[in-house]
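Reviewing the structure listed below.
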Amino acid sequence: MKEAQSTEDAFTILKALLDAPDDFVSGSLLAEQLGVSRPAIHGKLEKLREQGFEIEAVRNRGYRLTKEPEVLHPALLRYYMADAAAPIEALYFPVIDSTNSEAERQLTYGRKSPFAIASSCQTKGRGRLGREWYSASADNLYLSVLFEPNIPPQQLQHFTLWAGITICRALQSFTPKAKLQIKWPNDLHCDGRKFAGMLTEAKMDADSMRSIIFGIGINLNSNPASFPQELRSIATSLYAINGEEVPINKVTARVLEAIHEAYEACIHNQTTESLPEAWAPLSSLDGKTVTALQGDTEISGVANGIDASGALLLTQADGSHIPVRAGDVTLKKN
Ligand code: BTN
């Protein structure tokens, strides 16, 4: 109860400060909104400063927010979600095994979907193809969204590809200096290095998709020099790409909007562009020679977009196109 009240107070203070970005907000106004004394406000602002907020205080004028924390903050995320075009309840866990696993648990506890689980650290972050997802940096985002579509699964077969497109577009506005791309099928890249990966898990009934959990890990404000040795040459972060921090809580709200946009477009069959056309300008592989495993056979070819089914098209030396439908592809070394 005490903790809930303090989160509520933090939200009220942050809302007052963020709604007046260029102005000072007086201590008496904050005290009135919270129903506490002015000295009590001082203590609450100190607590926010300890959490990474920089708040300027000027005698006879009041307070102004000058910097947001580089890590997720539940009250700040709530502020940005209130403005977002996505009716998704976002729950925050400082540490969790896996946000995908927590989403599944929350469903069994009876939580109403859609909802999101956001975390600053995963102890058992999962990647695709049974891999581990490095999840120790609190400057990054670990996020899952659970939907209960109850529709035939075919309607959502391209959901992860569409989510990749809408998320890549949304993140691009935060990194004006560099081009963000998608590496087929579910990775986000910049300059040949991966900064985000997606993992979708679904539960099916006879011919209906009961629940779908879309998980994404995005390296946001971390410094790749702090990554484990084996990731340093292949991974990056938006901070490294951009040369400055991104507003992680605002970015999270935009990513949730993008996921919601992709989901709605798929379930209502209302995608306004064709998948190959939307994909083409974002693809990191087009024109490059890549190798894919098809069963036990390795095939190589020049990547040439995706088809309407989402398969990656490889052009062979004889001009024929081979569709790659699953798995991972690697760039062929010269
Ligand atoms: C990959 O590229 O292999 C996919 C990585 C997916 C990682 C995210 S982090 C949030 C969610 N929870 C998990 O355990 N995994 C996904």
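The values are calculated or read from the model by the stated rules, or taken from the named source; none is laboratory data. It should be emphasised that the depicted structure is a prediction, and the values quoted were computed from it without experimental measurement. Because the Cβ atoms are built from the backbone with ideal geometry, glycine has one as well, and the counts that use them run over all protein chains shown. Each accessible area value is taken on the protein alone, full model and side chains, heavy atoms only, with ligands, DNA and RNA left out. Shrake-Rupley method; radii C 1.70, N 1.55, O 1.52, S 1.80 Å.
Can you show me the helix-derived [θ] at 222 nm for the chain, built from DSSP H runs with n ≥ 4 at -39,500 (n - 2.57) apiece and divided by the number of residues, rounded to the nearest 500. About -9500 deg cm²/dmol. For the range 1-63, the solvent-accessible area works out to 63 Å² per residue, with a probe of 1.4 Å and every protein chain left in place.
Of the trypsin sites (Lys or Arg not before Pro) found in the range 150-192, those in coil by DSSP whose Cβ has at most 16 other Cβ atoms within 10 Å are 177, 179. Counting only whole DSSP H helices of the chain, the ones at least 18 Å long by C-alpha along their axis and with mean Kyte-Doolittle hydropathy no lower than 0.5 are 159-172. Taking θ as phi - 60° and the Karplus parameters 6.51, -1.76 and 1.60, the scalar couplings of the range 55-61 work out to 10, 7, 10, 10, 3, 6, 10 Hz in sequence order, x denoting glycine and proline. Largest GNM mean-square fluctuation among 299, 259, 218, using the chain with Cα springs under 10 Å: 299. If only the Cβ of Lys and Arg carry +1 and only the Cβ of Asp and Glu carry -1, the dipole of the chain around its Cα centre is close to 540 debye. Residues in the range 210-215 carry Karplus couplings, in order, of 6, 9, 9, 10, 9, x Hz; the curve used is 6.51 cos²θ - 1.76 cosθ + 1.60 with θ = phi - 60°, and Gly or Pro positions show x.
Put simply, the amide H of residue 211, placed in the peptide plane, has neighbours under 5 Å in 203, leaving out anything fewer than 5 places away on its chain.
Among beta bridges identified by DSSP and lying wholly in the chain, the antiparallel ones come to about 85 percent.
Beyond 25 Å in Cα-Cα separation lie the following of the pairs 15/44; 194/332; 15/47; 47/124; 203/288: 47/124; 203/288.
Taking other residues whose beta carbon is less than 12 angstrom from the beta carbon of residue 77, and scoring Lys, Arg as +1 and Asp, Glu as -1, yields 0. A 1.4 Å probe run over the range 192-334, with the rest of the protein chains in place, finds 48 Å² accessible per residue.
For the chain, averaging the sequence separation of C-alpha pairs within contact (under 8 Å, six or more residues apart) and dividing by the residue count gives a relative contact order of 13 percent. With a/c under 1.5 counting as rounded, go ahead and sort the range 72-124 into rounded, prolate or oblate using the C-alpha gyration tensor (a ≥ b ≥ c being the square roots of the eigenvalues; past the cut-off, prolate if a/b is larger than b/c, else oblate). Cα axes put the range 72-124 in the oblate bin.
Share of carbon and sulfur in the accessible area of the chain stands at 50%, probe radius 1.4 Å. What are the trypsin sites (Lys or Arg not before Pro) within the range 49-93 that DSSP puts in a loop, where the Cβ has at most 10 other Cβ atoms within 10 Å? Loop-located and lightly packed - 59.
With K and R counted +1 and D and E -1, the other residues having a Cβ less than 12 Å from that of residue 231 yield a net charge of +2.
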